[in-house]
Amino acid sequence: MYNNKNLTYTDEDIRRVLMGLYTTTNQATSLARNIGLQRAPMLPVVDPEIPLDKYWSRIWEETKILNKELTLIKRARQKHWCNKELRRIQKHLIGVDRPWWWIVLSMMIIMILGSGGGYAIFLHFHSSPTGIGVTQIGNESIGISDGSFAFDTTLTDGSLKTRAAQVYRQNSNNVNPVTSLLNQATAINSNDAEALIYQEDLTVVNSGKPYVTIVVATILSGVNLGVGRDDLQGAYVVQKEFNDRSELYGGVQVHLLIANTGSKLDYVSNITQQIIQLAQTDKTFVGVMGWPISRYTIAAIDTLSKAHIPLVSQTSSVDKGLTGKPYFFRVVPSDEQQGIQGANYAINTLHKKNVALFYDSRDPYSNELQGDFRQEFQKDGGQLAVEEKYTVGDPGSLSSELQDALNHHPDLIYFSGYP
């Protein structure tokens, strides 16, 4: 409950302003001003008849005018509002200077927190003009699946999931045997988010309810398979929550497609071209969640932006190549923010001033993050004991580099990147 000038605003009023669920413009403006905003965010309701470029251009224009989410959250906490929705929004959007309208993708993403030959063999391309289909490149399956192909088949339920995909390809109108196979798969492995997503998608498509389609662009083969599994688990949890509780305006459901980019950066272009095809043919398509690795996102963003396709990344934090892109959003702090905060923590909280710095100069995320940390650390009086350059994806080299770093007697090791 919030009181201002003898007017009382309930938690439901606050929620309606945040989510754009107001009944009139006057109501929206009045409520917004009395909780500290200049005006209310004007949420464009998803309408399949509105061209995608106009829809997201409108959102971007709104974003440039209204970027006061964090101010509102801070004010809410000061006033001790205990509304569940506010607490959840605060948790999921901390540090993000982006609009409320990304609630579906943002919520989905926050829950988540190479090999291959030179030849290609055509496996199948289910309704190829739609952008849905998978191509075998070396030993990796690259493409977008609506359940007609199973990517992650090394789990205990892999054979059942593969059979379900085959049956679905043969007759997508008869979903009963597909559902039965997926039920068996999830009974064996309840953590297989790929099977759970395909299961939920069948329910959505056959429910008769309106829905929006989101592509989850991740990595489901190669050394980063675990990252992809995490992405899908987070995506499924929020998909299921939103659909079961009818949390989208008008009871709109969430339908997910899964895209595997594989272990090589070159494969990103395959996926972006399929996404563009999808956007041109599927009026329910609204955007992309991905990628989990900055260099993949950098490779994709220009192509998707030219097609006016929004992309929200769960963990791509690089500034160079991403910051300022009108169709790029993220729910994590940027490298600059992380580097500055890390340096401040090292100096002011840990009281360490002699650091060994590990980074990969060829990896955009690792190199940019170390640069931001280094600059702030040295500005605050810290010094580098030693620099150790490693290679992302080659953890075997770290042993000798660690020993060399310890020989320089640092009081702190800052590891920028991932093994």
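Taking all protein chains together and a 1.4 Å probe, the residues T315, T323 rank T323, T315 from largest to smallest accessible area.
With a ≥ b ≥ c the root eigenvalues of the C-alpha gyration tensor of the stretch 353-419, is it rounded (a/c under 1.5), prolate (a/b larger than b/c) or oblate? Oblate, because a/c is 1.5 or more while a/b does not exceed b/c. Around the amide H of K325, modelled in the peptide plane, lies no amide H under 5 Å away from a residue 5 or more places distant or on another chain. Per-atom-type breakdown for the stretch 128-244 gives carbon and sulfur 47% of the accessible area (1.4 Å probe, protein chains only). Computed from backbone phi, the HN-Hα couplings of the stretch 241-255 come to 4, 5, 6, 5, 9, 6, 7, 7, 4, x, x, 4, 8, 10, 10 Hz, rounded to whole numbers (Karplus: 6.51 cos²θ - 1.76 cosθ + 1.60, θ = phi - 60°; Gly and Pro given as x). Within the shell of other residues whose beta carbon sits under 14 angstrom from the beta carbon of V167, the net charge comes to +2, with Lys and Arg scored +1 and Asp and Glu -1. Summing charges over neighbours of F377, with a neighbour being any other residue whose Cβ is under 12 Å away from its Cβ, gives +1 when K and R count +1 and D and E count -1. Annotation: amide H-H contacts under 5 Å for G287 (H modelled 1.01 Å from N, sequence separation of 5 or more, or interchain): V215. Given +1 at the Cβ of Lys and Arg, -1 at the Cβ of Asp and Glu and no other charges, the dipole of the stretch 211-327 around its Cα centre is 200 debye to the nearest 20. Rounded to the nearest 0.05, the FRET efficiency derived from the C-beta distance between T156 and H408 at R0 = 45 Å is 0.45. Distant-in-sequence amide contacts of V252, defined by a placed amide H-H separation under 5 Å and a gap of 5 or more residues or a different chain, comprise nothing.
When the stretch 136-266 is described by a simple charge dipole with +1 on each Lys and Arg Cβ and -1 on each Asp and Glu Cβ, the residue from L220, N173, S207 located farthest towards its positive end is N173. Accessible surface of the stretch 261-419, 1.4 Å probe: 49 percent of it comes from carbon and sulfur atoms. If the Kirkwood radius is taken over C-alpha pairs of the stretch 178-217, then at 20 °C and 1.002 mPa s the Stokes-Einstein diffusion coefficient equals 195 µm²/s.
Under conditions of 25 °C and 0.890 mPa s, the stretch 241-345 yields 162 µm² s⁻¹ as its translational diffusion coefficient, taking Rh as the Kirkwood radius over Cα pairs in the Stokes-Einstein equation. Summing charges over all other residues whose Cβ lies under 9 Å from the Cβ of G339, with Lys and Arg as +1 and Asp and Glu as -1, gives -4.
The values are calculated or read from the model by the stated rules, or taken from the named source; none is laboratory data. For clarity, every value in this text was computed on a predicted model and none was experimentally measured. Positions of Cβ are backbone-derived with ideal geometry, glycine not excepted, and every protein chain shown enters the neighbour counts. These accessible areas exclude ligands, DNA and RNA; they are computed on the full protein's heavy atoms, side chains included. Shrake-Rupley method; radii C 1.70, N 1.55, O 1.52, S 1.80 Å.
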